[in-house]
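Readers should treat all values here as calculations from the given coordinates under stated rules, not as data from a laboratory. A quick note: this is a predicted structure, and the numbers were derived from the prediction, not measured. Every residue, glycine as well, gets a Cβ built from its backbone with ideal geometry; the counts of neighbours run over all protein chains shown.
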Amino acid sequence: MASKGQSTVTKPKRRKNVNNAGYFFILPFMIVFVIFSVYPVLRTLYLSFMNYKGFGEPTPIGFANYARVFQDKFFWRALWNTVKIWGVNIVVQLGLAFLLTMVFSDMKYKIKGLGVFRALYYLPNLIAATSVAFLFKTLLDWQYGSFNQILMSSGIIEKGAQIKWLLDPNIAPYVVAIISAWMWFGNSFIVLMAGVQGINTDYFEAASIDGAGRWKTFAKITIPLLKPILIYVSITSLIGGLQMFDIPYLINGKYAAGNPGGSLQTVVMYLYKFGFATGSTKQVGYASAIAYSLFLIILVISIMQFKFASRKDD
Amino acid sequence: MATKIKKALIYLALIVLAVACLLPFLLMLVNATRSGNEIMTSVTFIPGKSLASNWKVVSEFFNIFQGFFNSLLISIPATLLTAYFSAMTAYGLAMYRFKGRNFVFAVILVFMMIPAQLGLIGFYDLVSFLKLVNSYIPLIIPAIAAPGIVFFLKQYLESTLSPALLEAARIDGAKELSIFHRIVLPIMSPGIATMSIGAFIGNWNSYLTPMIILTKKEKFTLPVLIATLNSSTDIVANQGAIYLAVAISVVPIIIVFCFCSKYIISSISAGGVKE
């Protein structure tokens, strides 16, 4: 009896020791995570309530930075630019990805070459955004760029009527949106296609036996079953897209000003202007408030997206 | 018959889209070998003769291979740290039932969804406080904590590793750390490889953070270096040189992609299906 009692005491004790080894395994991660991820996020929050120019002591000013963000028409313009560029981009990007997913999952046509096409469509996503920005900046140059030259030599536009792709504030944001879509549609296509390939083929067979057409099958079977992945793609694209920086920052050579006419100035470029510019424009506290304002906006839109997407279930 | 025509049209559309993806790169390669004057006046797919003179302009403006080397110097250790420590953390979270485990996991989930720009200012503030501006440490060490990859590897581990295997090793007297190194790491390696590819590409292409941390030109990574093309009037006047500089930054990635596109694509598919 005594020996049995002893063993029930030692056994859980030994298990507990084993489980405590878990702390050891997550320790390096936790240390770095707290220092380089959690602390900077909290520090930015702290600074957003401060008057701080990047040197000296921060002085608390309550919600003044946030009040200023709210009234800053350039912030709202930057937000509108960002949403506009992202919105056009996501429609093109997901539209293409959807069409491709439909084509390659079609039971009737049995389109071949998925591997090759998928790789080609993905290629632009692999290239650094800085290189993409310079590539298109040069290709789309209104005077010397190859793009206008192709249009002229094929007679689509007259000589002398070259399109100012990157200099016209009514065109440039859409050009940037299309470049982003060009970079990302292959990525979305791969993710959606992986989702379709994970769907049990019985569903498609049952639908085809019931005589459901291609569009109907896609609308009633593929899309509902892809919903978790669609939510994933749209929310990650939103989080990434509203932080857009590299291409609009570099493509016009005017940096944080977001020329032409400020039409390419995104929120993160605006934040960069205050947070990292040198000289008198540096207002770290205000830049922090911009960062948190953008975060709150992303959060609200994500929740709305999520709610909207899950509501259709009922 | 109608089906055949439709099918042909679908293939045509797919090919047009593929051309749209390749054309900019093709023009880039051709124009890299042509002079500024030629580029200004005509478009062609026949290479020109100005590769050497374009290279002269590029090499006088910056040392692009230094940028390459710097990018490797950051991307390789950062990727290795991400791979090893993400695996370790995922293993700790997946296979041990310790107090606070669910809390840690919840924090990881939250940080997966937090946009990177939110910590940018605090991060720079910390780096300058630690006097690490122009050092590679703030670009490498944070790679130890990669919440998204930990999340993926945890899921991966839970579906591939049986706890009975660990029990067996414990009964044989193996230490916890050597169980991780000898048993768990080999089992996880396909998942780790998949995630490492994505991590490497992310590091290699990263622009905003290195641009903020690095101010000395000889320290610049490739994307930061490429971005300085804007600042030279010499080089802006010579479009051929810009194409060449961009081509040098792009071609190695395309070559790597030709050999491991399968793995790269599976790493993206994995990201989406985690759900």
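To the nearest Å, what is the center-to-center distance of the range B:154-199 and the range A:270-305, using C-alpha atoms only?
That distance is 41 Å.
So which GluC sites (Glu not before Pro) in the range B:116-186 are both in a DSSP loop and have at most 11 other Cβ atoms within 10 Å of their Cβ? Display every interim value, and only then the final one.
Details: sites: B:Glu158, B:Glu167, B:Glu176; in loops: none.
Sites meeting the loop and neighbour criteria: none at all.
For peptide B:240-249, what's the mean number of Cβ atoms from other chains within 10 Å of each residue's Cβ?
Working: counts 1, 0, 5, 5, 0, 2, 11, 2, 1, 6.
Mean number of neighbouring Cβ atoms from other chains: 3.
I'd like the per residue volume of the convex hull spanned by the Cα atoms of the protein assembly as shown, given in cubic angstrom. Before the final figure, lay out each step's value.
Numbers: hull volume 120.4 nm³, N = 589.
Residue-normalised Cα hull volume stands at 204 Å³.
So what is the calculated 222 nm ellipticity per residue for chain A, using -39500 (n - 2.57) for each DSSP H run with n of 4 or more, over all residues, to the nearest 500 deg cm²/dmol?
-22500 deg cm²/dmol, from helical runs alone.
Can you name the helices of chain B, as whole DSSP H runs, whose Cα span along the helix axis is 24 Å or more and whose Kyte-Doolittle mean is not below 0.5? Working shown, then result.
Values: long enough: B:2-31 (42 Å, 1.92); B:64-95 (46 Å, 1.25); B:185-205 (29 Å, 0.83); B:239-273 (43 Å, 1.77).
Membrane-span-like by this criterion, though nothing is claimed about a membrane: B:2-31, B:64-95, B:185-205, B:239-273.
Counting only pairs 8 or more residues apart or on different chains, how many lysine pairs in the range B:62-231 have their Cα atoms under 25 Å apart? Intermediate values should be presented prior to the final figure.
Working: B:Lys99/B:Lys154; B:Lys99/B:Lys175; B:Lys131/B:Lys216; B:Lys131/B:Lys217; B:Lys131/B:Lys219; B:Lys154/B:Lys175.
Summing the qualifying lysine pairs gives 6.
Going highest first, how would you order B:261-270, A:92-101, B:116-125, A:216-225 by mean Cβ packing within 10 Å?
Values: B:261-270: 18.8, A:92-101: 20.5, B:116-125: 23.9, A:216-225: 15.5.
My ranking of the peptides, most packed first, is B:116-125, A:92-101, B:261-270, A:216-225.
Rounded to the nearest 500 deg cm²/dmol, what is the calculated helix-only ellipticity per residue at 222 nm for chain B, with -39500 (n - 2.57) per DSSP H run of length n ≥ 4?
Values: 15 runs with 206 residues, N = 275.
Helix contribution divided over all residues of chain B: -24000 deg cm²/dmol.
Please identify the helices of chain A, taking whole runs of DSSP H, that span at least 27 Å along their own axis as judged from the Cα atoms and have a mean Kyte-Doolittle score of 1.0 or higher. Mind showing how you got there, number by number?
Working: long enough: A:2-33 (48 Å, -0.15); A:73-104 (46 Å, 1.19); A:172-197 (37 Å, 1.41); A:284-311 (40 Å, 1.49).
In chain A, the long hydrophobic H runs are A:73-104, A:172-197, A:284-311.
Quote the relative contact order of chain B in percent (integer), defining contacts as alpha-carbon pairs under 8 Å separated by 6+ residues.
Values: 248 pairs, mean separation 89.7, N = 275.
Relative contact order of chain B: 33 percent.
What is the Cα convex hull volume of the range A:64-311 when expressed per residue in Å³? Don't skip to the end; give the middle numbers.
Values: hull volume 37.9 nm³, N = 248.
Per-residue hull volume (Cα only) is 153 Å³.
Hey, can you rank A:117-128, A:203-214, A:262-273, A:19-30 by average C-beta count inside 10 Å, highest first?
Peptide ranking by packing, descending: A:262-273, A:117-128, A:19-30, A:203-214.
Return the subset of B:Lys6/B:Lys262; A:Lys108/B:Lys262; A:Lys84/A:Lys164; A:Lys110/B:Lys262 for which the Cα-Cα distance in this structure is over 23 Å, preserving the input order. Spell out each step's value before the answer.
Values: B:Lys6/B:Lys262 29 Å; A:Lys108/B:Lys262 26 Å; A:Lys84/A:Lys164 19 Å; A:Lys110/B:Lys262 21 Å.
Result: B:Lys6/B:Lys262; A:Lys108/B:Lys262 exceed 23 Å.
Mind ordering B:239-247, B:194-202 by average Cβ neighbours within 10 Å, highest first?
Values: B:239-247: 26.9, B:194-202: 21.3.
Highest-to-lowest ranking by the protection proxy: B:239-247, B:194-202.
I need the Debye-formula profile for the range A:63-112: one equal scatterer per C-alpha, no solvent, reported as log10 I(q)/I(0) at q = 0.17 1/Å, two decimals.
Values returned for q = 0.17 Å⁻¹ are -0.65.
In peptide A:39-47, what is the residue-averaged number of other protein chain Cβ atoms found within 10 Å of each Cβ? Provide the component values of the computation, followed by the final result.
Numbers: counts 5, 11, 9, 2, 8, 9, 4, 2, 3.
So the per-residue partner count for this stretch is 6.
Under the definition of partner shielding as Cβ atoms of other protein chains within 10 Å of a residue Cβ, what is the mean value for peptide A:136-148?
Details: counts 2, 5, 12, 8, 1, 5, 0, 2, 7, 6, 13, 4, 1.
Mean shielding count: 5.
Find how many whole Å separate the alpha carbon centroid of the range B:1-64 from the alpha carbon centroid of the range A:86-121.
23
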